[in-house]
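Asker: Have a look at the structure that comes next, please.
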Amino acid sequence: MRKISLDRIKRGALRSLVLSSLAKKPMYVYEIIKNIHSETHGFYKPSPGSIYPVLKSLLKDGLVESFEDNGKRMYKLTEKGIEEFNRIKKEREDFFSSNSEIKREIVDVLFEIGYLIYINRENIDSEKLKQINTILQNCKKEVVSLFEKSK
């Protein structure tokens, strides 16, 4: 099985979140951050240091353009950026439409686990962290094994 970098997944998710934010209206960086924080129900608030490289990449790819407004840099989707946002949105909708109940259950459980860890983050010492990591690594191995058996 090909190893996928978590950082790569995070960058892809952040790229998608930035596109989604800018699909609403042109925004300043702080507005993009506020929107993502709101859209993720407070779970994730990206730093400007993580937003700027994404915007740089989107600008380079021709998906976003920037302009000055009241002395501040503002960003908006280009036509190509709108097409990319719509493509990503359709992929997401397609993912949940086929076998949607099964996929929804899996996604719900994953979010519940993430939320449980998040709300208890103050109580996670190094021992609990090791235990949680072991449990999750074992779960991952079992899921990988399921897919390898079905090949």
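The values are calculated or read from the model by the stated rules, or taken from the named source; none is laboratory data. Since the structure is predicted, the reported quantities are computational estimates derived from the model, not experimental observations. Backbone-built Cβ (ideal geometry, glycine too); neighbour counts: all protein chains shown.
Asker: Name the single residue, out of those in the range 40-52 being free of Cβ contacts under 8 Å to residues at least 40 places away in the same chain and not small (Gly, Ala, Ser), that is surrounded by the most Cβ atoms within 10 Å (Cβ to Cβ).
Answerer: Residue satisfying both the conditions and the ranking: Ile51.
Asker: OK, next. Within the range 76-88, is there a residue that is at negative phi, in contact with a Phe, Trp or Tyr (Cβ under 6 Å, 6 or more places away or on another chain), at pLDDT 95 or above and not basic (Lys, Arg)?
Answerer: No, because not a single residue in the range 76-88 is at negative phi, in contact with a Phe, Trp or Tyr (Cβ under 6 Å, 6 or more places away or on another chain), at pLDDT 95 or above and not basic (Lys, Arg).
Asker: Is it the case that some residue within the range 47-56 is over 28 Å from Tyr118 (Cβ atoms) and in the same structural domain as Ser21 (by TED's automatic domain parsing)?
Answerer: Checked the range 47-56: at least one residue is over 28 Å from Tyr118 (Cβ atoms) and in the same structural domain as Ser21 (by TED's automatic domain parsing).
Asker: Between residues in the range 63-81 that are in contact (Cβ under 8 Å) with a residue 40 or more places away in the chain and within 18 Å of Leu17 (Cβ to Cβ) and residues that are of a type in the set (Gly, Ala, Ser) and in a strand (DSSP E or B), which pairs lie under 9 Å by C-beta distance while being six or more apart or on different chains?
Answerer: Met74/Ser66; Tyr75/Ser66; Lys76/Ser66
Asker: Determine, yes or no, whether Lys140 is within 20 Å of the chain's Cα centre (by Cα) and exposed (fewer than 12 other Cβ atoms within 10 Å of the Cβ).
Answerer: It is true that Lys140 is within 20 Å of the chain's Cα centre (by Cα) and exposed (fewer than 12 other Cβ atoms within 10 Å of the Cβ).
Asker: Of the residues Glu142, Glu91, only one is of a type outside the set (S, T, N, Q) and modelled with pLDDT under 90; which?
Answerer: None of the others qualify; the one that does is Glu91.
Asker: Related question: Would you check which residues across the range 65-92 are over 17 Å from Gly12 (Cβ atoms) and basic (Lys, Arg) and list them?
Answerer: Answer for the range 65-92, where residues must be over 17 Å from Gly12 (Cβ atoms) and basic (Lys, Arg): Lys72, Arg73, Lys76, Lys80.
Asker: Next up: Applying the selection to the range 117-137, what residues are in a loop (DSSP other than H, G, I, E, B) and surrounded by 10 or more Cβ atoms within 10 Å (Cβ to Cβ)?
Answerer: Correct list: Asn120, Ile124.
Asker: Looking at the structure I just gave you, is Gly42 more than 14 Å from Leu14 (Cβ to Cβ) and within 15 Å of the chain's Cα centre (by Cα)?
Answerer: When the stated conditions are applied, Gly42 passes them.
Asker: Which condition number in (1) out of contact with any Ser or Thr (no Cβ under 6 Å at 6 or more places or on another chain); (2) in the same structural domain as Leu22 (by TED's automatic domain parsing); (3) closer than 15 Å to Leu19 by Cβ is the one that Asn35 fails?
Answerer: (1)
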